[in-house]
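Written out below as structure tokens is the structure these notes cover.
The values are calculated or read from the model by the stated rules, or taken from the named source; none is laboratory data. Every value quoted in this text rests on a predicted model; they were computed, and no experiment measured them. Virtual Cβ from ideal backbone geometry, glycine too; neighbours counted across all protein chains shown. Just so you know, the surface numbers come from the protein's heavy atoms only, side chains and all, with ligands and any DNA or RNA stripped out. Shrake-Rupley method; radii C 1.70, N 1.55, O 1.52, S 1.80 Å.
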Protein chains: 2
Amino acid sequence: MSTISKEDYIKAIYTDQQRNGKNVSATYLAGKLNVSKAAVSDMGKKLANQGFIKYEAYRGATITKKGEKLALNLLRRHRLWEVFLMDVLKLDWGEVHEEAEKLEHLTSEKLIDAIDKYLHYPKFDPHGHPIPNKLGEFPHTPAVVSLKESQIKKKYRIVRFDDESFELMKYFSRLGISLYSEIYLSDRLEFDDSVFVEVAGRTQALSSKIAERIFVTELEAKDD
Amino acid sequence: MSTISKEDYIKAIYTDQQRNGKNVSATYLAGKLNVSKAAVSDMGKKLANQGFIKYEAYRGATITKKGEKLALNLLRRHRLWEVFLMDVLKLDWGEVHEEAEKLEHLTSEKLIDAIDKYLHYPKFDPHGHPIPNKLGEFPHTPAVVSLKESQIKKKYRIVRFDDESFELMKYFSRLGISLYSEIYLSDRLEFDDSVFVEVAGRTQALSSKIAERIFVTELEAKDD
DNA sequence: AAGCAAATTTAAGTATACTTAAATTATTTG
DNA sequence: CAAATAATTTAAGTATACTTAAATTTGCTT
């Protein structure tokens, strides 16, 4: 009923819809999944037939309840594997996502529950993404905003990197930007929406593309 | 180059050739892999083209060096996963083989090496199968024979169950026959080659089909 | 050694998940 | 608002890994 390929489409549709709120376009999916737009159109119809998504010709996909259930399950498997591979098997940052991407598709309910138990039911993965429980429920979390939307002259704590690419993660670690570190948003340029931040004792400029991927919670005001 | 399907064929060919020493027949593979004989014939040609096996029409398959290398790698991945799933994640006997069967195909060199290290380089899996190292070398092991070939009136230690089926494993555990237990081969019937054994304080009769799957090493003579 | 049964292959066809190229629909812009 | 351009779909074709049914080969039996 659901193959690896289909699962990849469903996860991409769910994730993009969560992030951007609108119908997920064929072009986006083709880029993300590295296939032609024609393939997306084809698969769109199949997934719609099987009730995982709604697919209107020329206007993209939206996830259904059934699709969401599968997507949350995949997210759960993916994120638990990530924690496991990093914390237990000591794979590093960059390897973890790619491995999890493969393992998530072939992991039975029993196995993933065993991993969950072994890890004492973690609530977040190594990027700060919340891990759905068996029922597909996310842990309750304080409100988070991306650095792009947060206010200047305020102190925050980084709680999530909303990106899995090894490249960006390496960039962050080179800059001393890591999960749960404090960050002070000193300024934002009108010109290109880039931001200036103080983190790990350094002042950095970050493009809005990057700020958009860093999620934070507010801390008490900084006293200078 | 090598898909999950192909890997399953190669593993089956390698394993059967090891066990029975002759060309592996299409009928055997069709049964083992749950596909038609026509499918085996098809795939046989493909695998031969790619250098994994030799395949002579009407006379079955033999593994090549290249195929053996891949098979040993698969065996390594499979067996390490089995140890990991049982010892670390506490899955039970029956579940372990099936899960490993899926995971082995999508496990990178790095991951399997991390698992190997985590487990402190185990030499045998939960069925007593030897685990090849990174180079495809088996650990040195004392000579083992199946109960079918061993001599009566001698004491042995069970060191391997050469079968992965849950059914047989359950049967053994019901009879109190477990890995590394002592077993005394009291008699063998000419009639059907079945054997009488004393194990776990009980006297049992075992069919030759079953005796064939139990591998033992000799212990010092039993003193009555 | 001929005939027969079993094993195997060939042939034709299916489903999945793609591809490229042409045709169609939607959207932007002057 | 029409034309251009961008996005998407349709059509035709490919590779993989199967299927069933018919034809062929092998090896056994007498």
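Computed about the Cα centre, the dipole magnitude for chain A is approximately 780 debye when only Lys and Arg (+1) and Asp and Glu (-1) carry charge, each at its Cβ. For chain A, the longest principal axis of the Cα atoms and the long axis of helix A:109-118 meet at an angle of about 20 degrees. Axis angle, to the nearest 10 degrees, between helix B:93-103 and the longest C-alpha principal axis of chain B: 20 degrees.
In this structure the amide hydrogen of B:Lys148, modeled in the peptide plane, comes within under 5 Å of the amide hydrogens of B:Glu212, B:Ile214, none closer than 5 places in sequence on its chain.
Each of A:Leu147, A:Leu80, A:Ile10 was scored by the projection of its Cα onto the charge dipole of chain A, and the greatest displacement toward the positive side belongs to A:Ile10; charges sit on the C-beta of Lys, Arg, Asp and Glu. At q = 0.13 Å⁻¹ the log10 of I(q)/I(0) for the protein assembly as shown amounts to -1.24, computed by Debye summation with a single uniform scatterer per C-alpha, solvent ignored. For region B:73-141, would you read off the P(r) tail past 21 Å as a percentage of all alpha carbon pairs? Of all Cα-Cα distances in region B:73-141, 12 percent exceed 21 Å. List the pair-distance distribution P(r) of region A:26-119, using every Cα-Cα distance, as the percent of pairs falling in each 10 Å bin from 0 up to the bin containing the longest distance, rounded to whole percents. Values per bin, smallest distances first: 16, 35, 30, 18, 2. Note on region B:145-218: with charges restricted to the Cβ of Lys and Arg (+1) and Asp and Glu (-1), its dipole about the Cα centre is near 280 debye.
Let me know the charge dipole size of the protein assembly as shown about its Cα centre in debye, to the nearest 20, where only the beta-carbon of Lys, Arg (+1) and Asp, Glu (-1) is charged. Provide the component values of the computation, followed by the final result.
Details: 70 positive and 70 negative charges, 221 e Å.
So the magnitude is around 1060 debye.
What the Cα convex hull of chain B gives, in volume per residue, is 137 Å³.
Is the shape of region A:132-185 best called rounded, prolate or oblate, per the rule: a/c under 1.5 gives rounded, else a/b larger than b/c gives prolate, else oblate, with a ≥ b ≥ c the square roots of the Cα gyration tensor eigenvalues? List each step's numbers first, then the result.
On the way: a/c = 2.44, a/b = 1.28, b/c = 1.91.
Taking the square roots of the gyration eigenvalues as a ≥ b ≥ c, region A:132-185 is oblate.
Comparing A:Gly44, A:Phe191, A:Leu106 along the charge dipole axis of chain A, the residue lying farthest to the positive side is A:Gly44, per the Cβ-charge model. Only protein heavy atoms count here; under a 1.4 Å probe, A:Val144 has an accessible surface of about 50 Å². Shortest first, B:Gln50 label-point distances to identical copies amount to 2.4 nm, with the label point at 7 Å from Cα along Cα→Cβ. Selection among B:Ala200, B:Ile158, B:Ala211 by position relative to the dipole of region B:145-218 gives B:Ala200 as farthest towards the positive end (Cβ unit charges, Cα centre). A simple spin-label model places pseudo-atoms 7 Å from Cα toward Cβ; at A:Asp87 and B:Tyr58 they are separated by 6.2 nm. Once you have a ≥ b ≥ c as the square roots of the Cα gyration tensor eigenvalues for region B:4-63, tell me rounded if a/c is under 1.5, and otherwise prolate or oblate according to whether a/b is larger than b/c. Rounded, since a/c falls under 1.5.
Close amide H contacts of B:Ile53 (hydrogens built in the peptide plane, cut-off under 5 Å, sequence separation of 5 or more or a different chain): B:Ala48, B:Thr64. Taking amide hydrogens as placed 1.01 Å from N in the peptide plane, the amide H of A:Ser186 sits under 5 Å from those of A:Lys153, A:Phe196, A:Val197, A:Glu198, each at least 5 positions away in sequence or on another chain.
Counting only alpha carbon atoms, the long axis of helix B:4-20 and the longest principal axis of chain B meet at about 40°. Straight-line reach from A:Lys148: taking Cα to Cα under 29 Å and skipping same-chain neighbours fewer than 8 places apart, the lysines in range are A:Lys11, A:Lys22, A:Lys32, A:Lys123, A:Lys170, A:Lys209, A:Lys222. Here the extension length gained between A:Asp192 and A:Ser5 equals 63.6 nm, from 0.36 nm per residue of separation less the Cα-Cα distance.
Using only C-alpha atoms and all pairs of different ones, pull out the Kirkwood radius for region B:145-218 in Å with one decimal. Spell out each step's value before the answer.
Details: mean 1/r = 0.0839 Å⁻¹.
Taking every pair of different Cα atoms in region B:145-218, averaging 1/r and inverting gives 11.9 Å.
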